[in-house]
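Contents: one structure, followed by commentary.
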Amino acid sequence: MTLTYSTIALLFPAIPLMFLVYSNTSNAVGSRLRELFELSSSTELVEEIFERIQAETEYLGKRLTLLRSAQLAAGITFLFNITTLIGIYIENQNIAQILFACALISLMSSIILYLIEIIITVRAVEYLVQKIRQRDR
């Protein structure tokens, strides 16, 4: 397989979109963490509420770690994609193909990390829905 500029150009639109999604999600998680911090530091809390805030903070921390890792993998994807351009430019297909394969692996890693983050979020929402349904009884 011969790589061309148009082949590697397929990844360039995907990477900034991934950064946008990850950044928006990170901002939402960060905003919620700031809300929890303000709530926990501004008032005297009942033990039950304090434990709930601690649990939510831990959960949000896990999400933030996964998002950070996904962003890092997306950044590495971008670097591999750019270095693939150099491989094509110097007319070394072997290097270009290896670098492009690394870019694809990094991209897949980034997406897998984000999917794990989504699974964690969905489980947390399902847990909340279950708690709300139990209160209605």
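When each full DSSP H helix of the chain is screened for a Cα extent of at least 15 Å along its own axis and an average Kyte-Doolittle hydropathy of at least 0.5, the helices passing are 93-136. A cut-off under 13 angstrom between Cβ atoms defines the neighbours of Ser42, and their net charge, with Lys, Arg +1 and Asp, Glu -1, is -2.
Quick one: compute the contact order of the chain, relative version, from alpha carbon pairs under 8 angstrom and 6+ residues apart, as a percent. Before the final figure, lay out the partial values.
Details: 95 pairs, mean separation 40.8, N = 137.
For the chain, the relative contact order is 30 percent.
Please state, to two decimals, what the Cα-based radius of gyration of the chain comes to when divided by 2.2 N^0.38 Å (N = residues).
1.46
Computed on the range 57-137, the Cα convex hull volume stands at 61 Å³ per residue. Rounded, prolate or oblate: which one fits the range 5-63, using the alpha carbon gyration tensor with axes a ≥ b ≥ c (rounded when a/c is under 1.5, else prolate when a/b beats b/c, else oblate)? The shape class here is prolate. Which shape class, rounded, prolate or oblate, goes with the range 37-97 when its Cα gyration tensor gives a ≥ b ≥ c as root eigenvalues, a/c under 1.5 marks rounded, and past that a/b bigger than b/c marks prolate? Since a/c reaches 1.5 and a/b is larger than b/c, the shape of the range 37-97 is classed as prolate.
Read-outs throughout are calculated quantities, based only on the coordinates presented, and are distinct from any laboratory measurement. Being a predicted model, the structure only gives us computed values, none of them experimental. Backbone-built Cβ (ideal geometry, glycine too); neighbour counts: all protein chains shown.
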